[in-house]
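The values are calculated or read from the model by the stated rules, or taken from the named source; none is laboratory data. Keep in mind that this is a model prediction, so the values were computed, not measured. Ideal geometry is used to build each Cβ from the backbone, glycine not excepted, and the neighbour counts take in all protein chains shown. Ligands, DNA and RNA are stripped out before the accessible areas are found, and what is left, the full protein with its side chains, is counted by its heavy atoms. Shrake-Rupley method; radii C 1.70, N 1.55, O 1.52, S 1.80 Å.
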2 protein chains.
Amino acid sequence: MAMTRDDYFKYRRQTLDALKNASIAVTPAEEDRIEIADFGLDEFEKTGLGILTYVNTDRVCAKELVLLPGQTCPEHQHPSVDGAPGKEETFRCRSGEVYLYVSGKPVAQPKAQPPAGREKTYSVWHEVILRPGDQYTIRPQTLHWFQGGPQGAVVSEFSTRSTDENDVFTDPDIQRMPEIAG
Amino acid sequence: MAMTRDDYFKYRRQTLDALKNASIAVTPAEEDRIEIADFGLDEFEKTGLGILTYVNTDRVCAKELVLLPGQTCPEHQHPSVDGAPGKEETFRCRSGEVYLYVSGKPVAQPKAQPPAGREKTYSVWHEVILRPGDQYTIRPQTLHWFQGGPQGAVVSEFSTRSTDENDVFTDPDIQRMPEIAG
């Protein structure tokens, strides 16, 4: 079952409120193209994020990512495509707190829990905690996932070109498609 | 005569205050590496800008640029280097107002005036006014310059790798060197 139109507008409003609370100015035209991504799982409040893409050229992409409290962007990586290196991303926390997990030495007591019922699709547990002003760069082909803290989070992403259709998710149920009802 | 240490710290403080007023979180380590760029002209309040570089990898760069009221980043372009396309930049205004000039149809009554005595080194007059939430993408090899409005401005820059030493300035007096005294 796809997201309802009412849900879409509710989540878009929450995304815009979070950006406003982080003092990030958004134009009316940008408000209309906020993406509410639920990765085809239809459990947006658990697995999903709000996305405002500022620019996405052949070479450079910049976005704001908005996470609700405890909301998870699921585990994935950015593979090489046709011999070109995969997407490189830097995440910079603007407000709230975000728990980021990447390949490497696992943490003993992670701050985040994967969405219930999907634990087996989360395999990397090296923990990076980002608070406002903190950032972390993810090289291509590095498995990663992240979750908003108790107050949610706004995270700026600076990257090479974004080609969501190339992302490889650990969870086979995931379809990386924008869910815009209506 | 190079910038004095006192001036450097004064301008760094002003840059940090502008970032704080724009609700942009900066870590203590980042405070220490704010760049106060005067382009070798030793007239920072007229020609210059404060720069916080978040990340600059082989592929992606992101910065905050801070302009004092009426302060100008002088005219330049980003050429191809060794056959690789030049730097591509997107400027997004976060606070204040910025007057950006690029190649194209000149405006009749520009909002900005070039720094006194350097008028002849400003040749492009197509005007783009950016207010918070507005942005503009500059393709490689496009001459451009910009100036802070009456309250100054904070501008995010999303770009390909930044290699300042390759920038080509219209003003032959300019040396693109960080001026950090002490």
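Defining the label point at 7 Å along Cα→Cβ, can you sort the distances from A:Gly117 to the same site in each other copy, shortest first, in nm?
7.1
For label points placed 7 Å from Cα toward Cβ, what is the shortest-first list of nm distances from B:Asp6 to its copies?
Copy-to-copy label distances for B:Asp6: 6.7 nm.
When the chain is fully extended, how far beyond the present Cα-Cα distance does A:Arg5 get from A:Asp173, taking 0.36 nm per residue of separation?
That works out to 58.2 nm of additional length.
Taking the label point as lying 7 angstrom from Cα along the Cα-to-Cβ axis, what are the distances from A:Lys20 to the corresponding position in the remaining copies, in ascending order and in nanometres?
Spacings between copies for this position, smallest first, are 2.7 nm.
Give me the 1.4 Å probe accessible area per residue for segment A:86-182, excluding ligands and nucleic acids, in Å².
That works out to 46 Å² for each residue.
Please get the size of the charge dipole for segment A:72-182, origin at its Cα centre, with Cβ charges of +1 on Lys and Arg and -1 on Asp and Glu, quoted in debye to the nearest 20.
Roughly 360 debye, rounded to the nearest 20.
Which whole-Hz ³J(HN,Hα) couplings does segment B:33-43 yield from phi under the Karplus relation 6.51 cos²θ - 1.76 cosθ + 1.60, θ = phi - 60°, glycine and proline marked x?
10, 4, 9, 9, 9, 10, 6, x, 8, 6, 9
How high is the relative contact order of chain A? Use alpha-carbon pairs under 8 Å, at least six apart in sequence, and give a whole percent.
33 percent
So for the pair A:Asp58, A:Ser103, with labels modelled 7 Å out along Cα→Cβ, what separation do we get in nm?
The two pseudo-label positions are separated by 2.9 nm.
So, taking all protein chains as they sit and a 1.4 Å probe, how much accessible area belongs to B:Cys73, in Å² rounded to tens?
Around 10 Å² of this residue is reachable by solvent.
Considering chain A as a Gaussian network with a 10 Å cut-off on Cα pairs, which listed residue, A:Gly117, A:Gly50, A:Gly133, attains the greatest mean-square fluctuation?
Answer for the Gaussian network model of chain A: A:Gly117.
As a check on your reading of the symmetry: which chain A residue has its Cβ nearest the axis that brings A onto B, and how far is it in Å?
Closest to the rotation axis on chain A: A:Ser23, 2.
Roughly how many nanometres apart are two label points built 7 Å out from the Cα toward the Cβ at A:Ala84 and B:Lys111?
3.5 nm
Which of rounded, prolate, oblate describes segment B:13-86, given a ≥ b ≥ c as roots of the alpha-carbon gyration tensor eigenvalues and a/c under 1.5 marking rounded, otherwise prolate only if a/b is larger than b/c?
oblate
When a/c is below 1.5 the answer is rounded, else prolate if a/b is larger than b/c, else oblate, so apply that to chain A with a ≥ b ≥ c taken from the square roots of the Cα gyration tensor eigenvalues.
rounded
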